[in-house]
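The structure appears right after this line, and notes come after that.
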Amino acid sequence: MEILGIDIGGSGIKGAIVDTEKGHLISDRFRIPTPEGRKPDDMALVIKEIQEHFDWKDNIGVAFPTVVVNGKAKYHSNLDESWRGMQIDDHFRNHCNQIFNVINDADAAGLAEMKYGAGRHHSGLVLMVTIGTGLGSGLFYDGVLIPNFELGHLYYKKGQNIEHYAADSARKREKLDFDVWGKRLNKFLTHVERIVSPDFIILAGGVSKHIHKFRDQITIKTPFVVGEKENNSGIIGAAAFAADHHK
């Protein structure tokens, strides 16, 4: 099946057509900067522009950067506050006149890796961590998704979420070198290892391609690898989710 997958990120919204049998892109990616303010109508217009770019007239899968339950945003995370409690799938459908299947972005990335990538041969408790503007996490047991496992929102110093301290956005904001930032990421992973006890960890997100610059700072005992789908994991996972719910 071919499905349009869209991945909404902090800096860009990107989409592509995905072969959901093989788990790879069959079109070039089309990317538009995330609108300043990240308000619902502005973002819906970007989604519509991506839909029109591909002249797409079928189900659309969307990887969305907050907790999503039955298509509804439970929180607003790094988006405008007006997203909280909004029925995301209906909002996008009203603008684009198509059926939308919406999943948390880290869960989407995890689906891509578990179905087609680094996690496909692993059973037990597998944790996917996406490292970008925030710290996303997707948890799977014997290949089955445990949705909305938001470890990046664990409290850290002064009641702030730990992603404010250890995400890639913190590295950029504070102009940290990879050695210093890698120790911060390791603190997060060590804490997660202690409370979740995963059998295997997959690190993903844009910064994961620089793993050689901070691998020495990661001292966890749990085996870990870098995801295979790289920056396409959200698109692929969103499309796979939509294919599973296709009407």
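When the stretch 10-50 is filtered for residues that are loosely packed, with under 14 Cβ neighbours inside 10 Å, of a type outside the set (D, E, K, R), more than 19 Å from Met86 (Cα to Cα) and more than 17 Å from the chain's Cα centre (by Cα), only Ile26 remains.
So, Leu127, is that one assigned to a strand (DSSP E or B) and within 18 Å of Asp244 (Cα to Cα) or not? No.
In the stretch 118-134, the residues that are over 16 Å from Pro147 (Cα atoms) and open to solvent by less than 20 Å² (accessible area, probe 1.4 Å) form Cβ pairs under 8 Å with partners that are of a type in the set (A, V, I, L, M) and part of a loop (DSSP other than H, G, I, E, B), at six or more places apart or across chains, as follows: Ile131/Ala167; Gly134/Ala167.
Against the conditions (1) over 28 Å from Val69 (Cβ atoms); (2) surrounded by fewer than 15 Cβ atoms within 10 Å (Cβ to Cβ), His246 satisfies every one except (1). Note on the stretch 133-190: among residues that are outside any strand (DSSP E or B) and polar (S, T, N, Q), the one that is farthest from Ile8 (Cα to Cα) is Thr190.
Checking the stated criteria, Glu163 turns out not to satisfy the condition of being within 12 Å of the chain's Cα centre (by Cα), modelled with pLDDT under 95 and open to solvent by 10 Å² or more (accessible area, probe 1.4 Å). Of the listed requirements (1) among the small types (Gly, Ala, Ser); (2) over 21 Å from Ser123 (Cα atoms); (3) at pLDDT 95 or above, Ser197 misses just one: (2). Within the stretch 188-209, the residues that satisfy the criterion of being farther than 19 Å from His24 by Cβ and either loosely packed, with under 15 Cβ neighbours inside 10 Å or of a type in the set (Ser, Thr, Tyr) (or both) are Thr190, Arg194, Ile195, Ser197, Asp199. Could we say that Thr219 is open to solvent by 30 Å² or more (accessible area, probe 1.4 Å), in contact (Cβ under 8 Å) with a residue 24 or more places away in the chain, part of a helix (DSSP H, G or I) and of a type in the set (Ser, Thr, Tyr) here? Answer is no for this residue.
Each residue in the stretch 145-176 was checked for being in contact with a Ser or Thr (Cβ under 9 Å, 6 or more places away or on another chain) and small (Gly, Ala, Ser), and 3 of them qualify. One residue stands out in the stretch 192-214 among those that are over 20 Å from Ile146 (Cβ atoms) and in contact (Cβ under 8 Å) with a residue 12 or more places away in the chain: the one that is nearest to the chain's Cα centre (by Cα), namely Gly206.
In the stretch 52-75, the residues that are under 22 Å from Ala16 (Cα atoms) form Cβ pairs under 6 Å with partners that are surrounded by fewer than 23 Cβ atoms within 10 Å (Cβ to Cβ) and among the hydroxyl-bearing types (Ser, Thr, Tyr), at six or more places apart or across chains, as follows: Thr66/Tyr75. From the list Asp55, Asp7, which one is of a type in the set (D, E, K, R), open to solvent by 10 Å² or more (accessible area, probe 1.4 Å), at pLDDT 95 or above and assigned to a loop (DSSP other than H, G, I, E, B)? Of Asp55, Asp7, the one residue that is of a type in the set (D, E, K, R), open to solvent by 10 Å² or more (accessible area, probe 1.4 Å), at pLDDT 95 or above and assigned to a loop (DSSP other than H, G, I, E, B) is Asp55.
Picking from residues in the stretch 58-70 that are outside any strand (DSSP E or B) and within 15 Å of Ala243 (Cα to Cα), the one that is least open to solvent (accessible area, probe 1.4 Å) is Asn59.
The values are calculated or read from the model by the stated rules, or taken from the named source; none is laboratory data. From a predicted model like this one, the values you see are computed outputs, not experimental measurements. When we count neighbours, we look across all protein chains shown, and the Cβ atoms used for this are built from the backbone with ideal geometry, even at glycine. The area values use the complete protein model at the heavy-atom level, side chains included, leaving out ligands, DNA and RNA. Shrake-Rupley method; radii C 1.70, N 1.55, O 1.52, S 1.80 Å.
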